[in-house]
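What follows is a set of notes on a single structure, which appears directly below.
The values are calculated or read from the model by the stated rules, or taken from the named source; none is laboratory data. None of these values were measured; they are calculated from a predicted model. Glycine gets a Cβ as well: all are built from the backbone with ideal geometry, and neighbour counts include every protein chain shown.
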């Protein structure tokens with residue numbers, strides 16, 4: 001084959017992302033190196049493949065034709081790798097994980113490490129929107145995300161179902177379960193506006209046609225927990241986000257609304273499912289779903 005496969009793969013990444021910076025992060029190389037490789041491909045074959053200086057870059061007719069052929073080529077190569085090395089996991093590969101759900105991420109990584117003892121990983125904690133952005137910009141390989149916005153180039157494996165619970169100071173006398181009518185009368189301590197938890201709380205109150213009398217934004221789970229412990233108000237969190245704390249009580253909410261429940265997913269770029277480590281990670285996630293459901297009666301939330 002006359003073409004340099006390294007240069008071709010570099011072009012293919014840029015063509016898929018329509019961005020040199022995104023493609024460089026995806027390939028884990030510097031932008032200047034990637035640009036040189038694409039330029040070398042064009043100069044060697046005396047053909048223009050990409051146009052534009054800012055994303056989204058455009059493909060020339062030749063670029064479109066080459067991208068279609070490269071898609072077939074690299075797809076077939078990945079399938080061959082899967083056949084010949086289905087059980088071979090690169091022990092030197094770093095799995096970059098992003099999550100808005102630390103408790104589930106820790107449990108998932110423990111299960112994955114049990115399957116792949118030599119696993120190397122790095123975890124970035126962010127909210128759901130930020131984690132999704134990290135995934136689409138190729139800054140992480142795998143996202144563990146609550147209620148992600150589904151995108152066509154990505155694959156999603158259900159990992160858990162969680163439910164909202166009320167967090168109250170231990171000194172307060174509160175009914176168990178806690179009525180929504182009681183919650184809206186108290187200072188309600190909430191996350192930042194982009195939080196999936198806050199979005200679920202808003203849906204819950206909207207369905208009940210209730211409006212909290214006072215909302216206090218405290219941004220982080222840790223700050224909210226401390227504020228509740230000090231008696232500054234009440235909060236709603238997902239159950240697994242509430243570590244044991246003798247200063248607070250975790251109580252169910254008196255509601256049958258499905259807005260109480262949220263689903264979390266493993267999310268990866270679809271083309272990466274052929275990578276042995278990613279494939280193993282998704283298998284571990286599928287096995288964990290049953291143990292990550294907080295209530296037996298949330299079958300509907302899993303559909």
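Of the helices (runs of 4 or more DSSP H) that lie entirely inside the range 1-58, those containing 1 or more residues that are free of Cβ contacts under 8 Å to residues at least 24 places away in the same chain and crowded, with 19+ Cβ neighbours inside 10 Å span 5-17, 20-27. The set of residues from the range 35-55 being out of contact with any strand residue (DSSP E or B) (no Cβ under 8 Å at 6 or more places or on another chain) and modelled with pLDDT under 90 comprises 53, 54, 55.
Is it the case, given these coordinates, that residue 198 is modelled with pLDDT of 95 or more and either within 18 Å of residue 234 (Cα to Cα) or over 12 Å from the mean Cα position of the chain (by Cα) (or both)? Steps first, answer last, please.
Values: modelled with pLDDT of 95 or more: no; either within 18 Å of residue 234 (Cα to Cα) or over 12 Å from the mean Cα position of the chain (by Cα) (or both): yes.
No.
Do we find a residue being in a loop (DSSP other than H, G, I, E, B), within 15 Å of the chain's Cα centre (by Cα) and under 19 Å from residue 279 (Cα atoms) anywhere in the range 111-134? Within the range 111-134, not a single residue is in a loop (DSSP other than H, G, I, E, B), within 15 Å of the chain's Cα centre (by Cα) and under 19 Å from residue 279 (Cα atoms).
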